[in-house]
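Have a look at this one.
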Amino acid sequence: MKQIALDIGLACVPSFSNYLAGPNEPALSHLQLWAGSALRSPVPTYLWGPTGSGKSHLLRAAAQALREDGARTGWLDASVLEPPPFDESWVAVFMDDCHLYTAVQQHAAFNWFVHAVNAADGHPRGVLAAGALPPADLALRDDLRSRLGWGHVFALQSLSDAQRRAVLRRQADARGLLLSDEVMDFVLKRFARDLTHLVALLDQLDHYSLQTQRPITIALVKSMLEAS
């Protein structure tokens, strides 16, 4: 059955607080400590794992935490076709989707890495990166691939169906939502299983249920989708 990639109500900014870690708690704790430290370690961090494991969420959450402190950062992912040169005002650089980088993006990523670690002012910047594969398996130029695997490396896992169900149940309970097993089954079978999307769906159901003064049923979910 084709899963629907939910595109309603997904404007929430990725943060550490709305990342549902499950088995990825070590990576979350590491990045929280790094982002919250006044003296951040210059040792790079690389996250890898399948789609839906939260790699991009954690990178964006760390970048957001720094921005909230007034810091400037560099961001590079596969959609940035013409990466800018390294900016000395950045306190860290973030490189997402490394497994998809073109030759131009690899060149920029390598330069960012070198400038960050060997900063001209003697204050190394942080490097946080992510990709679908472990560093050694990335189809990248050798000098970039070796640097991505130099520091902390975390293998992220997608949550199991039982873990997703348990998390959604806790999230629904925290919102005071009565979610039947039938509705839970419908949601898990028919929507994209990334937990950020699923929790956003809970928020939408909560608002729509209050707006229409109807309990949350499969019919309500279908009605909400038709109205969106």
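Which members of segment 193-224 meet the condition of being crowded, with 16+ Cβ neighbours inside 10 Å, more than 25 Å from the chain's Cα centre (by Cα) and part of a helix (DSSP H, G or I)?
Listed by number, the residues that qualify are 208, 209, 220, 221, 224.
Still on this structure, I have one more. Can we say residue 84 is surrounded by fewer than 16 Cβ atoms within 10 Å (Cβ to Cβ) and either at pLDDT 95 or above or of a type in the set (A, V, I, L, M, F, W, C) (or both)?
So residue 84 fits the description; yes.
Still on this structure: Of a type outside the set (Val, Ile, Thr), in contact with a strand residue (DSSP E or B) (Cβ under 8 Å, 6 or more places away or on another chain) and assigned by TED's automatic domain parsing to the domain that holds residue 78: does that describe residue 122?
When the stated conditions are applied, residue 122 does not pass them.
Identify, please: which residue in segment 138-169 is assigned to a loop (DSSP other than H, G, I, E, B) and without any contact (Cβ under 8 Å) to a residue 40 or more places away in the chain and is, among those, surrounded by the fewest Cβ atoms within 10 Å (Cβ to Cβ)?
160
How many residues, within segment 131-160, are in contact with a helix residue (DSSP H, G or I) (Cβ under 7 Å, 6 or more places away or on another chain) and either of a type in the set (Ser, Thr, Tyr) or within 30 Å of residue 200 (Cα to Cα) (or both)?
8
Can you confirm whether residue 100 is under 22 Å from the mean Cα position of the chain (by Cα), under 21 Å from residue 27 (Cα atoms) and in the same structural domain as residue 28 (by TED's automatic domain parsing)?
no
The values are calculated or read from the model by the stated rules, or taken from the named source; none is laboratory data. This structure is a prediction, so every number in the text was calculated from the model and none was measured. When we count neighbours, we look across all protein chains shown, and the Cβ atoms used for this are built from the backbone with ideal geometry, even at glycine.
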